[in-house]
Amino acid sequence: MEKSGIFDMSRRGVLAGGAATAAVTTIPGAATARAPTPAEPRSATVSLTVNGKRRDLELDTRTTLLDALREHLHLTGTKKGCDHGQCGACTVIVGGRRINSCLSLAVMHDGDEVTTIEGLGTPGKLHPMQAALVKHDGYQCGYCTPGQICSAVATLGEIADDIPSHATGDLTAKARLSNAELRERMSGNICRCGAYSNIIEAITEVAGEKA
Amino acid sequence: MKPFSYERAHSPAEAAKAAAAHRGAKFIAGGTNLLDLMKLEIEAPAHLIDVNHLGLDQIDKTDEGGLRIGALVTNTALATDKRVRRDYGVLTRAIVAGASGQLRNMATTGGNLLQRTRCPYFYDTNMACNKRKPGSGCAAIAGFSRQLAAIGGSAACIATYPGDMAVAMRVLDATVETVKPDGAERTIAIADFHRLPENRVTLVDLSGDQLRLDALQFFVGNALLRNPLHFRAQQFFKLLRCRSVCRLAL
């Protein structure tokens, strides 16, 4: 059986981080108990940079990033739809990549940079993607719209970064923008009103302006 | 969701130690499967070990010319890697065939391999399920679903493994590396990593299921892919399978 090199990798990481002795860091409040009482809630201190502003929170460890944004920071633009990662209404951008904030614990994002719909544009100064959805009537009830817009902005970034999708033909060629690509890449955002065609038109227009 | 304590681990060995030290502990990486199950209280870990900071987020070339994929490489990063797209295209195809862009940005290689079945009877806590509660029976066998085992099932379970990525890993004959709390490293062929229900030791006494438990508890390692040239020269049979999978994924 060959040596796997797991520790080579971890040694490099530890040396690079200069934290050879800090093997395990326990969040305050969750420090000592080895067999916690099941009913006892645990809290943790979490620092997030949300839309460029640092926010410090004391949260139950069970709090999702979505609930931290909505219930604790009152950024209610991000929506709770299915709460199980299937509908995309909760989409936010963390470290430049779109994620489902409902399937992520806030405590796991300590130190992370989060962008929500409130950070993309304001009523007086819309983000180009927001303006395009208004122009193309890319919504009806509007509930999925913040997630659609965050997802669309990140999708154009993913194409620019040459990330492939299920609609990509040649894997060795650079990812290209097309109607089929946009439909596939936006498939994690459900619109119950069925505004998909208009949403794709809006994204295509923004992508065209960028190109 | 049941309350839990939380810690961040910073090396594979420490993560494995923490798992051994806390009864009912689970690793969390992307969390896309585990948190979903925790919300439904199908999973109720007393302690979560955040393994996102172990440094296992690199794809390295091995001396043999293959690739060593860190357990924490995201699905997006693995599917995007130029070497994977060129030499192991079936892997990229399999990954992008699943989930959504958002989920692939969160989900990791290790978590993907360890995801739980999507059997609807496993998800419904009113139903008997030997996987959720060993010994309770299997409501799926006499139930109604189109996504369960036609082959490979047993009298105790017909759950199927839900992932696409592992199928590509199997086609490519990948190897999984794990580390135990005492620091012992182990390699497991991907063919042995997931087991058919008919091959399980017992569904009633999971303590006898050492291999599986070891793998679940201490998978904080890597996935290894063989040298693609070696693979093409010597694995002609499997290359054919690889192509058929490619066609299906398209």
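The values are calculated or read from the model by the stated rules, or taken from the named source; none is laboratory data. Values in this document were obtained by computation on a predicted structure and should not be read as measured data. Backbone-built Cβ (ideal geometry, glycine too); neighbour counts: all protein chains shown.
Numbers below:
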| item | result |
| --- | --- |
| Any chance residue A:149 is in contact with a Leu (Cβ under 7 Å, 6 or more places away or on another chain) and either within 22 Å of residue B:91 (Cα to Cα) or at pLDDT below 95 (or both) | no |
| One residue from B:186, B:118, B:146 being under 26 Å from residue B:71 (Cβ atoms) and assigned to a loop (DSSP other than H, G, I, E, B) | B:118 |
| Count of residues meeting criterion [buried (at least 23 other Cβ atoms within 10 Å of the Cβ) and within 15 Å of residue B:181 (Cβ to Cβ)] in the range B:20-35 | 1 |
| Tally of residues being within 19 Å of the chain's Cα centre (by Cα), at pLDDT below 95 and at the interface with chain A (Cβ under 8 Å from one of its Cβ atoms) across the range B:56-80 | 4 |
| Out of A:88, A:95, sole residue that is within 9 Å of chain B (Cβ to nearest Cβ), under 12 Å from the mean Cα position of the chain (by Cα) and within 21 Å of residue B:106 (Cβ to Cβ) | A:88 |
| Test result for residue B:83, more than 28 Å from residue A:83 (Cβ to Cβ), facing chain A (nearest Cβ under 9 Å) and of a type in the set (D, E, K, R) | no |
| Residue satisfying condition, being outside any loop (DSSP other than H, G, I, E, B), surrounded by fewer than 21 Cβ atoms within 10 Å (Cβ to Cβ) and β-branched (Val, Ile, Thr), within set B:90, B:167 | B:167 |
| Some residue of the range B:3-19 being assigned to a strand (DSSP E or B), of a type outside the set (Ser, Thr, Tyr), within 8 Å of chain A (Cβ to nearest Cβ) and buried (at least 24 other Cβ atoms within 10 Å of the Cβ) | yes |
| Some residue of the range A:12-25 being modelled with pLDDT of 95 or more, in contact with a strand residue (DSSP E or B) (Cβ under 6 Å, 6 or more places away or on another chain) and over 30 Å from residue A:142 (Cβ atoms) | no |
| From B:51, B:84, residue being under 22 Å from residue B:185 (Cβ atoms), β-branched (Val, Ile, Thr) and touching a helix residue (DSSP H, G or I) at 6+ places or on another chain (Cβ under 6 Å) | B:51 |
| Test: residue in the range A:135-146 that is surrounded by 22 or more Cβ atoms within 10 Å (Cβ to Cβ), away from chain B (no Cβ under 14 Å) and not in a helix (DSSP H, G or I) | yes |
| Failed criterion for residue A:154 (all others in (1) within 22 Å of residue A:69 (Cα to Cα); (2) in a loop (DSSP other than H, G, I, E, B) hold) | (2) |
| Top-ranked residue of the range B:133-155 - restricted to ones that are closer than 17 Å to residue B:194 by Cα and touching a residue at least 40 places away in the same chain (Cβ under 8 Å), ranked as surrounded by the fewest Cβ atoms within 10 Å (Cβ to Cβ) | B:152 |
| Test: residue in the range B:44-52 that is more than 8 Å from chain A (Cβ to nearest Cβ), of a type in the set (S, T, N, Q) and at negative phi | no |
| Residue in the range A:51-62 that is over 20 Å from residue B:50 (Cβ atoms), modelled with pLDDT under 55 and either more than 16 Å from the chain's Cα centre (by Cα) or not in a loop (DSSP other than H, G, I, E, B) (or both) present | no |
